[in-house]
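Asker: Mind having a look at this structure? Questions to follow.
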Ligand code: HEM
Ligand code: SF4
């Protein structure tokens, strides 16, 4: 894992001292709220509906057991005993006092954590495949590049006041586990003639005008990453709109000018910028990459995994969903679901964070990851330890193993926390998960991605859900629009934005509508191998639309 | 529409961040039931200006449309009803809360 060096440590200390004094000046009245707001946003501090919220960066989703313990401590000492992991691999504390935040930041800095680039119109924390550096199908570990991007972009003078926030995601494997098509820039490591480089996508983003990223370059030699990113940002900084907040994202720039014109603008900047890079970045990358080397994986009795599966059905069922193949056959990656039916998706209590830290320390080479589906991964576990890890997760209430199923819902904070919300999303997610668990249909339904956003900003990525739900406020009542057929993109289906089904549903009507929809799928599918998404592709939307609105029509 | 509604002044506590309402004695309460309900539009604007002056106590003061009622003013907008009531999340958070050493109400 990347260890902060003296420079990083001094940088964080200075930054925290600066923010402490800014908070003091705000409290004494020498800074107005208008002056203070951009300063607090640069340090991850939002003012929400009921409280301040602190968003802490977990760069490329990687953290150590000690860092996880400090997150637990922050939850306990300064918040209400829990934290919320987000789809951008961050953690949010929803109940912190402004007056405590300087102390929280100092405590986190002791373990190299911070809230920089977690908000504001800057280059946000670069996200990466949660299985990076571990997964068997990976071409190369994307995290050294993500760390290079972090070091280059932090406080980069040219990118402090972009037209709008800017999000980059990078994946190192052919299976996209980082939703790169939904980012301002999506990077995928690819190989050409024995050389490693990037396929570069640009202009993805959801929100009120959902768009999937388009290909800007099919192959960019990896040594040209920073000058090329700089060229993209310069082009955007020059021609991107600043007149209208909603048209300021790069997706609109690309859409309005067209990908070819935008590409020409990027290449023009690139020609100017490229010569300035004379190899220092590559030397730095080599230093960084050395820190992401695989831990010293130990020899072990890997067969114990298979023999336990054969005799313990509970373990076998968990392992079938939670265990992913590792680069080294005698190891595996374990995904831990933070989606217990009836609980808040993505939340972890301080005790759960500590349990995860302990498990990571004892069985996981000290490493943890946060996934973009708001779950946690232990990237390296010896196969012989998997049954023990399962038992430990059971004790911590974390052995749900519903990854990729209906219960693995992504839900934004919605009206329960968020100042921008138009409807609730978390309680709806809880009701849906519980309803289908009670019916016992989750397993039968199989692979399904359900995503909920509490307003048009689409933090829950509902457009990319096989079933997406968008909560709106219609004349003072919550109203939920359902989309189907969305997809993040994988080898089987390209990324797609879901189609709106029709008029929205009242809060109470959503669960019954989903039940009609999913029972229709079960009736119509070609056997259990045909997933919901496959069935939608084969049959089209009509039968599903009819199922959703059957009730309404009967009544009319 | 908003012209015809009574108002209360709301904001967030600058230090703790929680929702607060302006009371008739010029203080701030966490409970909307204790808020001063203002029926006169001009008076509401004056009270708001006054509240904005409390810049080292609260942040983001604004007027909230309410319907006066026997158990206190009820906000018209959905968002404001949630602000007044607090999160609707069911109490599974109690276990987490018990773990926290400080816990504010
Ligand atoms: C509660 C505080 C939050 C606020 C105020 C907030 C605000 C916003 C806004 C305004 C946007 C749209 C930006 C734009 O399109 O220009 C956005 C996008 C986004 N947010 Fe949040 N958000 C919050 C929490 C979260 C959480 C908890 C998550 C993850 C679970 C999240 C994930 C995202 C993602 C992935 C996007 C990008 C959506 C896209 O592709 O357009 N946000 N957020
Ligand atoms: S989608 Fe809307 S309601 Fe949900 S977190 Fe984002 S801004 Fe808030």
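No value in this document is a laboratory result; all are computed from the given coordinates. Please read all numbers here as calculations on a predicted model, not as lab measurements. Backbone-built Cβ (ideal geometry, glycine too); neighbour counts: all protein chains shown.
Asker: If you take each beta carbon of peptide B:15-26 and count the beta carbons of other chains within 10 angstrom, what is the mean?
Answerer: Details: counts 8, 8, 15, 6, 3, 0, 0, 0, 0, 0, 0, 0.
What the average comes to for B:15-26 is 3.
Asker: Given 10 Å bins starting at zero, what is the percent of C-alpha pairs of the range A:183-261 in each, up to the one with the largest pair distance?
Answerer: 19, 49, 25, 7, 1
Asker: Tell me the volume per residue, in Å³, of the convex hull enclosing the alpha carbons of the range A:304-395.
Answerer: Values: hull volume 8.7 nm³, N = 92.
About 95 Å³ per residue, rounded to a whole number.
Asker: I would also like to ask the following. Find the all-direction average of the projected area of the Cα convex hull for the range A:20-132, expressing the result in square nanometres with one decimal place.
Answerer: Details: hull surface 29.0 nm².
Computing the convex hull of the Cα atoms and averaging its projections yields 7.2 nm².
Asker: With a point put 7 Å past each Cα toward its Cβ, work out how far residue A:208 is from residue A:278 in nm, to one decimal.
Answerer: 4.8
Asker: Starting from the Kirkwood Rh over alpha-carbon pairs, what translational D in µm² s⁻¹ does chain A have by Stokes-Einstein at 37 °C and 0.692 mPa s? Show your work: numbers first, answer last.
Answerer: Numbers: Rh = 24.2 Å.
Translational diffusion coefficient: 135 µm²/s.
Asker: May I ask you to derive the FRET efficiency for residue A:330 and residue A:526 from their Cβ-Cβ distance with R0 = 45 Å, giving the value to the nearest 0.05?
Answerer: Once rounded, the FRET efficiency stands at 0.75.
Asker: Follow-up question, since we're still on this one. Can you show me the helix-derived [θ] at 222 nm for chain A, built from DSSP H runs with n ≥ 4 at -39,500 (n - 2.57) apiece and divided by the number of residues, rounded to the nearest 500. Write down the numbers at each step before the final one.
Answerer: Numbers: 18 runs with 216 residues, N = 556.
Helices in chain A give a 222 nm mean residue ellipticity of -12000 deg cm²/dmol.
Asker: Shifting gears a bit: From the P(r) of the range A:410-554, could you give the percentage of C-alpha pairs in the tail past 27 Å?
Answerer: Value for the range A:410-554: 15 percent of Cα pairs lie more than 27 Å apart.
Asker: Taking 4 °C and 1.567 mPa s as the conditions, I'd like the Stokes-Einstein D for the range B:6-100 in µm²/s, using the Kirkwood hydrodynamic radius from alpha carbon pairs.
Answerer: Calculated translational D: 92 µm²/s.
Asker: Then there is this: Suppose R0 equals 25 Å; then what is the FRET efficiency for residue A:4 and residue A:246 from their Cβ-Cβ distance, rounded to the nearest 0.05?
Answerer: 0.10
Asker: Compactness ratio of the range A:135-290: Cα Rg over 2.2 N^0.38 Å, N = residue count?
Answerer: 1.01
Asker: Per residue of A:347-360, how many C-beta atoms from partner chains lie within 10 Å of its own C-beta, taken as a mean?
Answerer: Other-chain Cβ atoms within 10 Å of each residue's Cβ, averaged: 2.
Asker: Name all residues of the range A:181-200 having a backbone nitrogen under 17 Å from the label point set 7 Å from the Cα of residue A:219 along its Cα→Cβ direction, giving them as ranges.
Answerer: A:188-200
Asker: How many partner chain Cβ atoms sit within 10 Å of a residue's Cβ in peptide A:95-104, on average, as a whole number? Can you show the working numbers first?
Answerer: Details: counts 8, 2, 8, 7, 4, 3, 0, 0, 0, 0.
If you average over the peptide's residues, the count of other-chain Cβ atoms is 3.
Asker: Could you check the simple spin-label distance between residue A:264 and residue B:29, using points 7 Å along Cα→Cβ, in nm with one decimal?
Answerer: 6.6
Asker: Compare the peptides B:45-57, B:17-29, A:200-212 by average per-residue count of other Cβ atoms within 10 angstrom and give them in order, highest first.
Answerer: Details: B:45-57: 15.4, B:17-29: 18.3, A:200-212: 21.2.
The densest-packed peptide leads the list: A:200-212, B:17-29, B:45-57.
Asker: State the Cα centre-to-centre distance between the range A:387-437 and the range A:1-31 in whole Å.
Answerer: Cα centres, the range A:387-437 to the range A:1-31: 34 Å.
Asker: Let me ask another. Peptides A:466-478, A:13-25, A:223-235: what's the order by average Cβ count within 10 Å, highest mean first?
Answerer: Order by mean packing, descending: A:223-235, A:466-478, A:13-25.
Asker: Compute the relative contact order of the range A:17-94 as a whole-number percentage, counting only Cα pairs closer than 8 Å that sit 6 or more residues apart in sequence. Can you show the working numbers first?
Answerer: Values: 72 pairs, mean separation 19.1, N = 78.
After rounding, I find 24 percent.
Asker: Separate question: Please compute P(r) over all alpha-carbon pairs of the range A:196-355, binned at 5 Å starting from zero, and give each bin as a whole-number percent.
Answerer: 2, 7, 11, 11, 10, 10, 11, 12, 12, 8, 5, 3, 0
Asker: For the range A:208-254 and the range A:446-506, write down the distance between their C-alpha centroids in whole Å.
Answerer: Using only Cα atoms, the two centres lie 25 Å from each other.
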